[in-house]
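A short worksheet on the structure shown next.
All of the numbers you see were taken from the coordinates with simple rules; none came from a lab. It should be emphasised that the depicted structure is a prediction, and the values quoted were computed from it without experimental measurement. As a convention, Cβ positions derive from the backbone with ideal geometry for all residues, glycine included, and neighbour counts pool all protein chains shown.
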2 protein chains.
Amino acid sequence: MEIDFKNIKVIGFDADDTLWVNETYFRETEERFAELLEGYETKNKIDQELFKMEMANLELYGYGIKGFMLSMIESALDLSNYKVPQETISKILELGKKMISHPVELLDGVEEVLGKLENKYRLIVLTKGDLLDQERKLEKSGISKYFHHVEVLSDKKENNYSNLLEHLEIDVDEFLMIGNSLKSDVLPILNIGARAVHVPFHTTWAHEMVNDPQQVNNHLKLNSLKDILKYLEIDED
Amino acid sequence: MEIDFKNIKVIGFDADDTLWVNETYFRETEERFAELLEGYETKNKIDQELFKMEMANLELYGYGIKGFMLSMIESALDLSNYKVPQETISKILELGKKMISHPVELLDGVEEVLGKLENKYRLIVLTKGDLLDQERKLEKSGISKYFHHVEVLSDKKENNYSNLLEHLEIDVDEFLMIGNSLKSDVLPILNIGARAVHVPFHTTWAHEMVNDPQQVNNHLKLNSLKDILKYLEIDED
């Protein structure tokens, strides 16, 4: 589809699974969690119950690894009818701590794209999740130098975006958001009248799924972040 | 001591134990935690070990209730040599969830002081801790209307303050910080050349203690937030 990228002055980047790998580590930890509990339920049931627990706790815990750890522990107690060995609880804590201290892996082309855009646009990071986790990942990533501003939001709904753009004095007509989640990075952005680019990641958390992705229109979908350069008329050399 | 409050244009307020009660709930939860584990160790030892665990995990988890919950669970496993009943782990989760959903209790005089200062100063909230928790408390408190800006920081060291003041284009000479913690709200503020008011809360977390409070000078210490009004030459009617 045709989208006009004229007048864009500020580009917002989602972080997890847009700039660096994230969902993969959650999937791997869920695999380990299911192995720890395989004596109590099928893998399928364990996956389902953990997801249900995360959703039940989302309002209370918000997004991020610590809430995920607490939901894993609560699920382990539930699924085992309080029979899960104490050592398994300890292993769950270890799984979570490993996630928190995992090295940051930038996605393909990120540094190249940021380097080419930084002189022509004001670049900002708009991510949701745990404040300390996200600051730490940005620090470890080595790419914080490209950004004018970093905002960690407790959620990414229309009003979170509207409030932030107002606060940063960014006109919606001049704002482009780039991210991997139709639900969090594309839909609310289109709804407030700004423009959006969707760069899917190979793995999407069930909570970030939209019911009918075909119905989300008026945004540009790209296979790779690098493809944005030609739309923004930046020389790919 | 004499401090000149002329030229102050922006006042930053700490939130926990400055605007509303916080530490009290942590102390109460620690009491319940010690009761749950009283079969394994003395109350004194349990308190000490939990604090040690919190400090060991601080870099990984940061400040806030979720990290505190995870440290309680890890301490319970440690202190009981993995013998703590699974039901006790479940009770620890419940204690934490109760803390998160606790109603907000404003401290004495807060609303009156904010109401009198809001027209003469730009008021901001500078708090550390969990993003979602702090946003939720501000929302529940009903006092968000008084503030031009709310910033949740992952920590409150000199560079956190310097970066924020620069970002918000606030001159250190025009900035006054008010808070209950000498370590987090007063010392770093004095070190960057801004002014600070210390309003102690009756309970201070060991981690927020300074070794020699007598050595912290050049700030104003007040018994109650309301006392700030006369220093800022606001009519107390």
Quick one: longest stretch of chain B between exposed loop trypsin sites (Lys or Arg not before Pro), exposed meaning at most 13 other C-beta atoms within 10 Å and loop per DSSP?
-> B:121-237
Where in the range A:58-73 does the label zone of A:E105 land, with the point 7 angstrom along Cα→C-beta and an amide N cut-off under 19 Å?
-> A:65
Given the rule -39500 (n - 2.57) for each run of at least 4 DSSP H residues, summed and divided by the residues of the protein assembly as shown, what is its mean residue ellipticity at 222 nm, to the nearest 500 deg cm²/dmol?
-> -13000 deg cm²/dmol
Taking only Cα atoms, what is the 0 to 90° angle, nearest 10, from helix A:86-100's long axis to the longest principal axis of chain A?
-> 10 degrees
Distance in nm between pseudo-label sites at A:V210 and A:E112 (7 Å out along the Cβ direction from Cα) | 2.8 nm
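Using a 10 Å cut-off on Cβ to Cβ distances, tally the other chain neighbours for every residue of A:78-86 and report the average as a whole number.
Values: counts 1, 0, 1, 1, 6, 1, 2, 2, 11.
What the average comes to for A:78-86 is 3.
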Solvent-free Debye scattering, log10 I(q)/I(0), computed from the Cα coordinates of the range B:23-100 at q = 0.12, 0.21, 0.24 Å⁻¹ = -0.27, -0.90, -1.20
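Which shape class, rounded, prolate or oblate, goes with the range B:187-237 when its Cα gyration tensor gives a ≥ b ≥ c as root eigenvalues, a/c under 1.5 marks rounded, and past that a/b bigger than b/c marks prolate? Display every interim value, and only then the final one.
Values: a/c = 2.83, a/b = 1.51, b/c = 1.87.
Oblate, since a/c reaches 1.5 and b/c is not below a/b.
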Longest principal axis of chain A (C-alpha) makes with the long axis of helix A:65-79 (C-alpha) an angle, in degrees to the nearest 10, of 30 degrees
Output, in nm with one decimal and in ascending order, the distances from the A:L58 label point to the matching label points of the other copies (7 Å from Cα along Cα-to-Cβ).
-> 3.4
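I'd like the antiparallel share, as a percent to the nearest 5, of DSSP beta bridges with both residues in the protein assembly as shown.
Working: 2 of 42 bridges.
So the antiparallel bridges amount to about 5 percent of the total.
Starting from the exponent 0.38 and prefactor 2.2 Å, build the expected Rg for chain A from its residue count and divide its actual Cα Rg by it. Write out the running numbers ahead of the final one.
Numbers: Rg = 19.1 Å, N = 237, 2.2 N^0.38 = 17.6 Å.
Relative to the 2.2 N^0.38 Å estimate, chain A comes out at 1.09.
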Ratio Rg/Rh [Cα only; Rh per Kirkwood] for the protein assembly as shown | 0.99
Any of A:K157/B:K9; A:K156/B:K128; B:K9/B:K157; B:K98/B:K128; A:K140/B:K52; B:K43/B:K83 with alpha carbons more than 29 Å apart? Name them for me.
-> A:K157/B:K9
Exam field: A:E158 pseudo-label spacings to other copies (7 Å along Cα-Cβ), nanometres | 4.7
³J(HN,Hα), Karplus 6.51/-1.76/1.60, whole Hz, each residue of the range A:217-232, x for Gly, Pro | 10, 6, 9, 9, 10, 10, 7, 9, 4, 4, 5, 5, 4, 6, 6, 8
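Under 8 Å for C-alpha pairs, at least 6 residues apart: give me the relative contact order for chain A, rounded to a whole percent. Numbers along the way, then the final one.
Numbers: 324 pairs, mean separation 61.9, N = 237.
Relative contact order here is 26 percent.
Please list, by residue number, every one of the GluC sites (Glu not before Pro) in the range A:143-233 that is coil in DSSP and has at most 11 other beta-carbon atoms within 10 Å. Numbers along the way, then the final one.
Values: sites: A:E151, A:E158, A:E166, A:E169, A:E174, A:E208, A:E233; in loops: A:E169, A:E233.
In loop regions of the range A:143-233 (DSSP not H, G, I, E or B), the sparsely surrounded GluC sites (Glu not before Pro) are A:E169, A:E233.
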Helix A:23-36 sits at what angle to the longest principal axis of chain A, using alpha carbons and giving 0 to 90 degrees rounded to 10?
-> 10 degrees
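Based on the alpha-carbon gyration tensor of the range A:151-203 and its eigenvalue square roots a ≥ b ≥ c, which shape applies: rounded if a/c is under 1.5, prolate if not and a/b is larger than b/c, or oblate? Could you put the intermediate results ahead of the total?
Working: a/c = 2.07, a/b = 1.50, b/c = 1.38.
Since a/c reaches 1.5 and a/b is larger than b/c, the shape of the range A:151-203 is classed as prolate.
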